[in-house]
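Here's the structure, in structure tokens; my notes come after.
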Amino acid sequence: MAEVLVYTDHLDGAVRKPTLELLTLARRLGDPVAVVLGPGADAAAPVLAEHGAARVLTADAPEFADYLVAPKVDALQAAYQAVSPVAVLVPSSGEGKEIAARLAVRVGSGLITDAIDVAQGDEGPVATQSVFAAAFTTTSRAAKGTPVITVKPNAAPVEAAPAAGAVEPLDVAFGPLATGTRIVSRSPRESTGRPELTEAAIVVSGGRGLNGAENFALIEALADTLGAAVGASRAAVDADWYPHSHQVGQTGKTVSPQLYIAVGISGAIQHRAGMQTSKTIVAVNKDAEAPIFELADYGVVGDLFDVVPALTDEVRARKG
Amino acid sequence: MSLRIVVCVKYVPDATGDRRFADDLTTDREAVDGLLSELDEYAVEQALRIAEGQRQSGDEAEVTVVTVGPEDATDALRKALSMGADKAVHVEDDDLHGTDVMGTSLVLAKAIEHTGYDLVVCGMASTDGGMGVLPALLAERLAVPQATLLSELSVAEGKVTGRRDGDAATERLQAELPAVISVTDQSGEARYPSFKGIMAAKKKPVETLDLEDLGIEAEEVGLDGAWTVVESATERPARTKGEIVTDDGEGGKRLATFLAERKFV
Ligand SMILES: Cc1cc2nc3c(=O)[nH]c(=O)nc-3n(C[C@H](O)[C@H](O)[C@H](O)COP(=O)(O)OP(=O)(O)OC[C@H]3O[C@@H](n4cnc5c(N)ncnc54)[C@H](O)[C@@H]3O)c2cc1C
Ligand SMILES: Cc1cc2nc3c(=O)[nH]c(=O)nc-3n(C[C@H](O)[C@H](O)[C@H](O)COP(=O)(O)OP(=O)(O)OC[C@H]3O[C@@H](n4cnc5c(N)ncnc54)[C@H](O)[C@@H]3O)c2cc1C
């Protein structure tokens with residue numbers, strides 16, 4: 001049967017959820033073959049097998065941690081040549097997109113980035129993209145070569161689909177470009193204890209209306225009663241009220257949760273680009289004319305300093 | 001030695017306008033005014049700062065802005081020149097209509113080689129296609145290091161050093177020149193063109209090149225040469241505005257009731 005290459009995003013063997021979603025999509029096109037680079041393949045393999053990986057190709061070398069992107073391209077290319085897949089799926093992170101692009105140009109394949117769905121079509125795999133700040137939905141396919149597709153988080157459910165998951169070492173020869181950009185140091189992001197922004201079912205975001213870093217405690221309290229992730233508008237990030245890693249929008253993260261709560265956010269096009277595809281949108285804003293209300297399934301026109309604490313208390317009370 | 005900096009800038013439809021697709025499913029460039037992609041202003045800014053740094057330490061530097069785009073794309077070049085870039089290169093050819101990212105990277109790489117470079121500076125992503133991969137493709141095609149998505153950077157002694165904030169970690173990167181870099185909107189506010197800058201820009205040289213000048217065949221680019229095909233583009237139904245209530249002291253409670261009805265609580 002046809003095989004589909006799936007690039008695994010993991011941290012020392014802990015597989016991130018978007019990779020498991022990719023396995024769900026990959027099974028629509030053929031047998032998933034996962035590629036795991038760096039340390040931790042032994043821990044990753046059973047999880048990948050549980051979600052449908054027929055084979056798990058592994059390679060570990062210091063180059064993966066010491067140099068940017070290019071060594072991983074060499075490895076994915078080696079896997080590509082070993083497998084001859086019908087499609088290559090890569091998680092849509094900044095790094096994932098760069099790896100995918102360089103692989104695609106090397107092997108002469110069409111590249112589609114930021115897919116929100118992938119399906120089998122008459123002329124090969126078809127990817128769905130959400131474009132122009134989510135105002136349009138497009139479908140595309142590769143006209144040349146094997147489609148290389150990067151996929152956004154939450155594009156598909158995680159499904160159990162046990163498969164063999166046979167671990168096979170992958171031979172990688174690094175090319176002259178591999179060691180071009182040295183990673184001099186790395187500081188891992190500290191965990192907040194809250195769900196990952198791009199993966200969370202509920203996101204509560206704060207904007208300029210919060211009027212100060214200290215007031216983000218209101219957003220965090222509401223988020224914690226709902227088990228939600230915390231987001232922020234660029235205005236709040238630029239003011240140094242909340243870290244950039246939490247920015248939602250065109251130059252931040254794209255989120256597509258079941259519920260998005262926008263607090264003190266006006267709803268500029270660049271913000272909407274990152275949250276417009278959320279299932280349910282709720283807004284709290286003191287300006288009845290704020291554009292965010294045009295997207296909202298439910299909105300409260302009022303002062304967030306009254307509405308948000310009352311909401312948090314009420315949710316807490318209902319949860320008992 | 002003079003440091004040759006090439007900045008890649010894209011001319012895009014204004015994101016605040018009503019962007020659409022044309023009948024051939026390419027970006028409609030008639031419907032909405034175009035402008036220099038806002039995220040490329042950050043690239044121009046960093047290039048100018050690096051050049052200023054060079055000059056302050058007694059070295060020479062030259063900043064060339066390059067675009068691949070239709071005739072109107074000169075607007076984007078003029079804006080970059082008025083910010084302070086020294087000269088511009090405009091690759092324009094009717095056969096480029098509908099080119100995908102593979103074709104665009106091919107053309108840009110050839111134009112950059114034609115210009116001569118030590119450092120290529122790009123934005124983090126365009127504001128229309130927004131793929132965020134062109135810088136990596138340029139590095140691959142030019143066979144030089146990529147140091148991309150930098151939020152802080154410096155160039156000294158033939159090396160570029162910078163900070164990249166990834167999803168899982170913050171990394172410090174270092175690469176020898178020649179190299180391709182891209183910079184984020186966290187890298188530092190872009191300057192506004194001064195009146196003097198706008199006047200000076202009118203006299204700065206803009207070189208126009210077509211595919212033949214770059215030794216590229218028409219079949220390698222355009223809609224027909226694209227490695228991807230767009231099969232459909234559908235306007236997303238506008239979200240329907242739901243219930244909006246005014247807080248009368250009970251707003252928080254009513255919102256909680258809504259969330260409970262929708263089973264979020
Ligand atoms: C190239 C580019 C990329 C960008 N990328 C992003 C991005 O990724 N993400 C992003 O968010 N933005 C982005 N922006 C910026 C965007 O255009 C807006 O400037 C930004 O989203 C505004 O943030 P805001 O809604 O928090 O602030 P504002 O627009 O100032 O809105 C604040 C809102 O809070 C309300 N408010 C104030 N006080 C209260 C109160 N006490 N109670 C209730 N409501 C109150 C106000 O009525 C107002 O509606 C980008 C811009 C550009 C040009
Ligand atoms: C909505 C939409 C979706 C698209 N999806 C795909 C797709 O999935 N696959 C595909 O192959 N093509 C796609 N395209 C076409 C692709 O966007 C263009 O070919 C484009 O020229 C390069 O990609 P980008 O704008 O996304 O660049 P990005 O990779 O986002 O741009 C990064 C940087 O590269 C530089 N740059 C980009 N374009 C130019 C230029 N023309 N001139 C000078 N510098 C430039 C700028 O510095 C920019 O900041 C899409 C286009 C649109 C409008």
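The values are calculated or read from the model by the stated rules, or taken from the named source; none is laboratory data. If you're wondering where the values come from, they're calculated on a predicted model, not measured in any experiment. For neighbour counting, all protein chains shown are included, and Cβ atoms are generated from backbone atoms with ideal geometry for every residue, glycine included. Calculation scope for accessible area: heavy atoms of the full protein, side chains included, ligands and nucleic acids excluded. Shrake-Rupley method; radii C 1.70, N 1.55, O 1.52, S 1.80 Å.
Table for the structure above
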| read-out | value |
| --- | --- |
| Listed residue (A:Thr192, A:Ala310, A:Gly249) projecting farthest to the positive dipole end of the protein assembly as shown, Cβ model | A:Ala310 |
| Selected from A:Leu89, A:Gly145, A:Thr225, residue furthest toward positive end of dipole (the protein assembly as shown; charges at beta carbon) | A:Thr225 |
| Among beta bridges that DSSP assigns inside the stretch B:104-238, antiparallel share in %, nearest 5 | 60 percent |
| Enclosed volume per residue, in Å³, of the convex hull spanned by Cα atoms of chain B | 198 Å³ |
| Helix-only [θ]222 nm of chain A, DSSP H runs n ≥ 4, -39500 (n - 2.57) each, per residue, nearest 500 | -8000 deg cm²/dmol |
| Accessible area buried, both sides summed, chains B and A with 1.4 Å probe, Å² | 7100 Å² |
| Nearest-ten-degree value, helix A:70-83 long axis tilted from longest Cα axis of chain A | 60 degrees |
| Inter-label distance for A:Ala173 and B:Gln56, nm, one decimal - labels placed 7 Å from Cα along Cα-to-Cβ | 4.7 nm |
| Chain A, dipole about Cα centre (Lys/Arg Cβ +1, Asp/Glu Cβ -1), debye to the nearest 20 | 420 debye |
| Cα pair distances in the stretch A:210-258, grouped into 5 Å bins until the bin that holds the longest one, percent each | 5, 22, 28, 25, 17, 3 |
| Chain lengthening between B:Glu235 and B:Asp94 when straightened (0.36 nm per residue, less Cα-Cα) | 48.0 nm |
| Helix axis angle, A:41-50 relative to chain A longest principal axis, alpha carbon, degrees | 80 degrees |
| Under the Debye formula (equal points on every Cα, no solvent term), log10 I(q)/I(0) of chain A at q = 0.09 Å⁻¹ | -0.51 |
| Probe 1.4 Å, protein heavy atoms only - accessible area per residue of the protein assembly as shown in square angstrom | 40 Å² |
| Among beta bridges that DSSP assigns inside the protein assembly as shown, antiparallel share in %, nearest 5 | 40 percent |
| Which of B:Ala218, B:His97, B:Pro13, positive extreme of dipole for chain B (C-beta unit charges) | B:Pro13 |
| Estimated dipole of the protein assembly as shown in Debye, rounded to 20 [Cβ of Lys and Arg +1, of Asp and Glu -1, Cα centre] | 1240 debye |
| Carbon and sulfur %, accessible surface of the protein assembly as shown computed with the full protein complex present, 1.4 Å | 47 percent |
| As computed over the stretch A:3-169, the Cα convex hull volume per residue (Å³) | 101 Å³ |
| Lysines whose Cα lies under 17 Å from that of B:Lys196, excluding same-chain neighbours fewer than 8 positions away | B:Lys79, B:Lys87, B:Lys204 |
| The stretch A:218-320 - charge dipole about Cα centre, Lys and Arg +1 at Cβ, Asp and Glu -1, debye rounded to 20 | 400 debye |
| At 0.890 mPa s and 25 °C, Stokes diffusion of the stretch B:1-84 via Kirkwood alpha-carbon radius, µm² per second | 175 µm²/s |
| Label point at A:Lys286 placed 7 Å out along Cα→Cβ; residues across the stretch B:231-265 whose backbone nitrogen lies under 17 Å | B:246-252 |
| Per-selection metrics, the stretch B:107-265 (Cα): Rg and Dmax in Å | 23.9, 70 |
| Helix B:251-261 vs. chain B, principal-axis angle (Cα, 0 to 90°, nearest 10) | 90 degrees |
| Inter-probe distance in nm under a simple model that places probes 7 Å from Cα toward Cβ, at B:Phe195 and A:Arg316 | 5.8 nm |
| Count of lysine pairs in chain A with Cα separation under 21 Å (8 or more residues apart, or interchain) | 13 |
| Projected-area average for the stretch B:1-153 over all orientations - Cα convex hull basis, square nanometres | 9.0 nm² |
| Top of B:Tyr192, B:Tyr117, B:Tyr11 by mean-square fluctuation, Gaussian network on chain B, Cα under 10 Å | B:Tyr192 |
| Rg and Dmax of the protein assembly as shown, Cα atoms only, in Å | 24.0, 73 |
| Peptide A:247-254, shielding by other chains (average Cβ, 10 Å cutoff) | 3 |
